[in-house]
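Colleague: Handing you this structure, nothing more for now.
The values are calculated or read from the model by the stated rules, or taken from the named source; none is laboratory data. Note that the structure is a prediction, hence the values are computed from the model and not measured. Cβ placement follows ideal geometry from the backbone for every residue including glycine, while neighbour counts extend to all protein chains displayed.
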Amino acid sequence: MKTYFVCSDLHGFYKEFLESLILSGFDQFNQEHILIILGDIFDRGKHPWEIFQFLTQFPRERVILVKGNHEYLLEKLVKRKYPLEHDYSNGTYGTLISLYKDPMKEQHKWIENHRGKISNEVLFLQSVDYYHHVENKLYNNKKINKILNWLKSANWLNYYELGQYIFVHSFIPLKVKDELYSEPISFEYFQDWRDCKDKKTWELSTWNCPYDLYLKGYFNKELKKGKTLVCGHWHTALFYNDLLYKDEPTKQLDVRRENPIFKSDKFPGLIGLDTCTVLTRKVNVLVIQEKDIKF
């Protein structure tokens, strides 16, 4: 009997990911054990390459990958070939550095090795050239090229549906009412979202607060079909604090310490998984037995 192990937002924390999987009962040698990863596998942690190697060792039928906003961020940064402010704050630029080396540190080493051997003016000019030479390799080396080819492959899905479960990074794609993208953005549900081919629409769906859109009724038609949204992206302590304990401050969870799987009878059809790994050093794993899936 198949068993599905669902997790999200690994963010480059390989050791913590592996420990959480083992604690959940996952056996990498058991062909009936299947991983479902809901995006954001890189950025912030220092071991994206190890996560890549771990996930790519399995045959495709044992690892189901749903793309998150950080996968889009990494693709965009490599295509652009220079970082923006959000690439630093989201850890995307740090991912590139961990896959190759820090160009700033390499430049400092080069300067120290050449100080006194050439004039300061020439030293400065050549050190700038050296910095750009090393920085360019961030965007074109064996590791990042392998990862980018993988991210662009058919292995990655926009969503995955299994019986009553709809697995997404954050939420199902919605139609934007105002094409000018006014703030706040106004959405509407559309019946054929599963057939949506627009990459921008899917990318936008990876950024929103899942329970906010759930509360606004954008999942109601799927709820009536008996569907359950399983998502990451938003720390689960906030699910609890904003949905269950909004008027009970003594019960509210500390997002820096406890982000258990969110699941409540008061909010049927909604399961949250993001445990804020960068702070808690844990990864939530939702275990689903094949016998419990309703087709």
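Colleague: Test each condition in (1) in contact with a Gly (Cβ under 7 Å, 6 or more places away or on another chain); (2) touching a residue at least 40 places away in the same chain (Cβ under 8 Å); (3) aromatic (Phe, Trp, Tyr) for Phe239 and report the one that comes out false.
Modeller: Result: Phe239 fails condition (2) only.
Colleague: Something else now. Read through the list (1) in contact with a His (Cβ under 8 Å, 6 or more places away or on another chain); (2) surrounded by fewer than 17 Cβ atoms within 10 Å (Cβ to Cβ); (3) in contact (Cβ under 8 Å) with a residue 60 or more places away in the chain; (4) not aromatic (Phe, Trp, Tyr), then give the number of the only condition that Thr206 fails.
Modeller: Every condition holds for Thr206 apart from (2).
Colleague: Moving to a separate point now. Can you tell me how many residues within segment 127-172 are under 17 Å from Leu35 (Cα atoms) and charged (D, E, K, R)?
Modeller: Qualifying residue count for the region: 1.
Colleague: Ok, one more. For segment 20-43, enumerate the residues that are surrounded by fewer than 20 Cβ atoms within 10 Å (Cβ to Cβ) and either part of a strand (DSSP E or B) or within 15 Å of the chain's Cα centre (by Cα) (or both).
Modeller: His33, Leu35
Colleague: When you go through Phe17, Phe54, Phe13, Phe5 one by one, which is the residue that is farther than 22 Å from Ser98 by Cα and either buried (at least 20 other Cβ atoms within 10 Å of the Cβ) or touching a helix residue (DSSP H, G or I) at 6+ places or on another chain (Cβ under 9 Å) (or both)?
Modeller: Phe5
Colleague: Does at least one position in segment 270-285 carry a residue that is assigned by TED's automatic domain parsing to the domain that holds Glu75, surrounded by fewer than 16 Cβ atoms within 10 Å (Cβ to Cβ) and charged (D, E, K, R)?
Modeller: Yes; the residues of segment 270-285 include at least one that is assigned by TED's automatic domain parsing to the domain that holds Glu75, surrounded by fewer than 16 Cβ atoms within 10 Å (Cβ to Cβ) and charged (D, E, K, R).
Colleague: Within segment 246-295, how many residues are out of contact with any Cys (no Cβ under 7 Å at 6 or more places or on another chain) and in a loop (DSSP other than H, G, I, E, B)?
Modeller: Summing the residues that are out of contact with any Cys (no Cβ under 7 Å at 6 or more places or on another chain) and in a loop (DSSP other than H, G, I, E, B) in segment 246-295 gives 25.
Colleague: For Glu222, are the conditions met, namely being in the same structural domain as Arg44 (by TED's automatic domain parsing), modelled with pLDDT of 95 or more and acidic (Asp, Glu)?
Modeller: It is true that Glu222 is in the same structural domain as Arg44 (by TED's automatic domain parsing), modelled with pLDDT of 95 or more and acidic (Asp, Glu).
Colleague: Being under 26 Å from the mean Cα position of the chain (by Cα), farther than 29 Å from Thr275 by Cα and not assigned by TED's automatic domain parsing to the domain that holds Asp274 narrows it down to one residue among Asn120, Asn136, Asn149; which is it?
Modeller: None of the others qualify; the one that does is Asn136.
Colleague: Condition check: within 17 Å of the chain's Cα centre (by Cα), crowded, with 17+ Cβ neighbours inside 10 Å and under 24 Å from Ser20 (Cα atoms). Does Val230 satisfy that?
Modeller: Values: within 17 Å of the chain's Cα centre (by Cα): yes; crowded, with 17+ Cβ neighbours inside 10 Å: yes; under 24 Å from Ser20 (Cα atoms): yes.
Spelling it out, Val230 is indeed within 17 Å of the chain's Cα centre (by Cα), crowded, with 17+ Cβ neighbours inside 10 Å and under 24 Å from Ser20 (Cα atoms).
Colleague: Being out of contact with any helix residue (DSSP H, G or I) (no Cβ under 9 Å at 6 or more places or on another chain) and buried (at least 20 other Cβ atoms within 10 Å of the Cβ) is the filter here; which residues of segment 147-167 pass it?
Modeller: Of everything in segment 147-167, those that are out of contact with any helix residue (DSSP H, G or I) (no Cβ under 9 Å at 6 or more places or on another chain) and buried (at least 20 other Cβ atoms within 10 Å of the Cβ) turn out to be Tyr165, Phe167.
Colleague: Here is a follow-up. Filter segment 58-96 down to the residues that are out of contact with any Leu (no Cβ under 8 Å at 6 or more places or on another chain), outside any loop (DSSP other than H, G, I, E, B) and among the charged types (D, E, K, R) and list them by number.
Modeller: Of everything in segment 58-96, those that are out of contact with any Leu (no Cβ under 8 Å at 6 or more places or on another chain), outside any loop (DSSP other than H, G, I, E, B) and among the charged types (D, E, K, R) turn out to be Arg60, Glu61, Lys76, Lys79, Arg80, Glu85.
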